[in-house]
1. Under the condition of being farther than 22 Å from B:ASP217 by Cα and in contact with an Asp or Glu (Cβ under 9 Å, 6 or more places away or on another chain), which residue from the stretch A:178-189 is farthest from the other protein chains (Cβ to nearest Cβ)?
2. Can you tell me which residue within the stretch B:309-327, out of those that are surrounded by fewer than 17 Cβ atoms within 10 Å (Cβ to Cβ) and in contact with a helix residue (DSSP H, G or I) (Cβ under 8 Å, 6 or more places away or on another chain), is nearest to B:VAL237 (Cα to Cα)?
3. More than 30 Å from B:TRP321 (Cβ to Cβ), of a type in the set (Lys, Arg) and within 12 Å of chain A (Cβ to nearest Cβ): which single residue out of B:ARG177, B:ARG170, B:ARG163 fits that description?
4. Need a quick list: helices (runs of 4 or more DSSP H) entirely within the stretch B:54-143 having at least 3 residues that are more than 19 Å from the chain's Cα centre (by Cα).
5. What number of residues within the stretch B:279-329 satisfy the criterion of being more than 14 Å from chain A (Cβ to nearest Cβ), in contact with a strand residue (DSSP E or B) (Cβ under 9 Å, 6 or more places away or on another chain) and β-branched (Val, Ile, Thr)?
6. If the requirement is being among the small types (Gly, Ala, Ser), free of Cβ contacts under 8 Å to residues at least 24 places away in the same chain and out of contact with any Pro (no Cβ under 6 Å at 6 or more places or on another chain), which of these qualifies: B:SER72, B:SER86?
7. If a residue must be at positive phi and surrounded by fewer than 22 Cβ atoms within 10 Å (Cβ to Cβ), how many such residues does the stretch A:208-245 contain?
Amino acid sequence: MSEAIPAETVLDVRNLQTVFFTNSGLFRAVDNVSFSVRRGETLAIVGESGCGKSVSALSIMRLVPDPPGRIVGGSVTLEGTDLLKLDDAAMRGIRGNRISMIFQEPMTSLNPVMRIGDQIIEAVRLHQKVSSKEAWKQAVDMLRLVRIPEPERRAQEYPHQLSGGMRQRAMIAMALACRPALLIADEPTTALDVTIQAQILALIVDLQQRLGTGLILITHDLGVVAQTAQRVIVMYAGKKVEEATVEALFETPLHPYTSGLMASMPAVIALGAESDARLNEIPGMVPSLTNLPPGCAFAPRCKLAIDRCRQEYPPLSEVKPNHWAACWRAGEIAGAS
Amino acid sequence: MTEQRPLLEVTDLVKHYAVRGGVLRRQVGTVHAVDGVSFALSAGETLGLVGESGCGKSTVARTVLRLVEPTSGAIKLDGEDIAPLSKTALRPYRRSMQIVFQDPFASLNPRMTAGDIVGEPLSVHGIATGAKKQERVAELFQQVGLRPDQMKNFPHQFSGGQRQRICIARALSLGPRLIVCDEPVSALDVSIQAQVINLLIDLQRKQNFSYLFIAHDLAVVAHISHRVAVMYLGRIVEIADKHELFANPRHPYTQALLASVPIADPKARRTAPLIDGDVPSPINPPSGCAFHTRCRYAMDRCKTERPALQAAGTAHQVACWLNDGTGRSE
């Protein structure tokens, strides 16, 4: 691991550990996870429910509910400042200003009794010393930037008057209003229809590149990852199990969980002669975080598991240049492909 | 193929909902949820129904089962029109048609054991009781990949994928000929989705029932279906054999829909989205072809005249005025 953080790095997360104290025991929701995001770069975090991808995002924002959750270790460095060391007031100055977040369900994240324009103004006036008139103008400009037709009229409207795609555009406008260094999008298009999803993804990527924002895209959809990200990390049971550039990951996935995920997805384009073939399923289910096996958490579901996998947790190692995997057999997998 | 009578034949199905407003709750508008849908489904066949939210695909599914009363149209099950039947007269037909819903958390009674849930239809229809019922339930559990000793467990003790298996076992209990699947895997994780899809396909091969399969995920539909119908604002705009539909889509909406699916291959990155704007409201659907407001190939005729489904190749029908009613070739 490098000590010096390159100048263009916006966010650097080191050995992050977030745990939840519950009646049924201690959950290691995020267990020693490190990653970084550069200016203008899109990092995708992929995994299934409960793998820790959303808790990682909430930890960066310091929005993990305490109790039951707590960040117990690591650092989250945004533009040179360790966010975990800031007091609450200083953190409020960062949220919505230097880091913003877009959530899955735009209807529940927007205030139903506030006009769209006022909601964007709220973020702007909290962080910038501008008159309300100037802030309103900025809000309308933001709505225009996210390609909402008739932005002057839409700014006067309430969330229920907007369609799902339009609401998500308004959320993006709000998130980008203060030109943050980092945008976290947690399943931003999961609630949207496929044609609207294509529009919103294209919009996010376009704006992010124009504004130079670092983007963390959290998703379970490998299609979305392939279409938008530059780098990908795959999470399983709270740990990072693989990290690579998007090209390398789809070319040769080194962790059996990653290749299993890819094989279990039905593909529209692969409608060849034998499209009625069975999908490759990953047997079993995601383990409960309170009761993890001693070795690799994926070993009970893994076809390639050997005795060592069940006893020792494999460290994350750079199997190929810039391609990390936490698997005892990743070397063999890399050699075979 | 021999000319057989299809298991299910739906003709000109219409479902309108009244929109009421004002102090007197007078009808101020009509939601055209399903607006003249016709299709047929043979025994052992899977017809996929795709489209975006609000296109009427779930309403079609529920109307076919008469969970929602149709406004007009015929629903023939084995040649018998079940649309005008009274509730009592419909009852024997209910045994042949079952449904699996999207959310396995909401569709199981949390106070009943899994075994009771799966056995309930057997009691309701007076098919089996006591030890015979238990035996049949155990057999159903095995068929869907659950252990018979799990019969005494409650729904919260199962994972999402297992709960969907319980829903499938319940649907199978009466030996149905038609199973409607309304987004059966949308709530599940990717690795669990594959397990449930494989199970659905295996069961169909063994028992030869038909699926009306609804999903918004085109890849899932492409995988499981034999034929696919694409819906837009209450109408079928294109219906074809699945290989034909995905290889040679003719309706501009189908083409845009297929092109919008994010492909899991970074080398196949798309540049710009193919269609702009949102789906119009079904309260005031556009005149003529409902898609003309978002279609970049729309002509004057599309704005005034509604295109009907027309043959465009073998086992392929499309509702589009382009190329004399055969749609756009790419």
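Laboratory data are not the source of any read-out in this text; all were calculated from the coordinates shown. Because the structure is a prediction, the values reported are computed rather than measured. Neighbour counts are summed over all protein chains in view; Cβ atoms, including those assigned to glycine, are modelled from backbone coordinates with ideal geometry.
1. Per the stated criteria, the residue is A:ALA181.
2. My answer is B:GLN310.
3. Going through B:ARG177, B:ARG170, B:ARG163 in turn, just one is more than 30 Å from B:TRP321 (Cβ to Cβ), of a type in the set (Lys, Arg) and within 12 Å of chain A (Cβ to nearest Cβ): B:ARG163.
4. B:87-94, B:114-124, B:130-143
5. The qualifying residues number 3.
6. From the options B:SER72, B:SER86, the qualifying one is B:SER86.
7. Going through the stretch A:208-245 one residue at a time, the tally reaches 1.
Table: residues versus (1) aliphatic (A, V, I, L, M); (2) within 9 Å of chain B (Cβ to nearest Cβ); (3) in a strand (DSSP E or B); (4) surrounded by 24 or more Cβ atoms within 10 Å (Cβ to Cβ).
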{"site": "A:ALA191", "(1), (2), (3), (4)": "yes, no, no, no"}
{"site": "A:ASP206", "(1), (2), (3), (4)": "no, no, no, no"}
{"site": "A:GLU247", "(1), (2), (3), (4)": "no, yes, no, no"}
{"site": "A:PRO253", "(1), (2), (3), (4)": "no, no, no, yes"}
{"site": "A:TYR257", "(1), (2), (3), (4)": "no, yes, no, yes"}
{"site": "A:LEU261", "(1), (2), (3), (4)": "yes, yes, no, yes"}
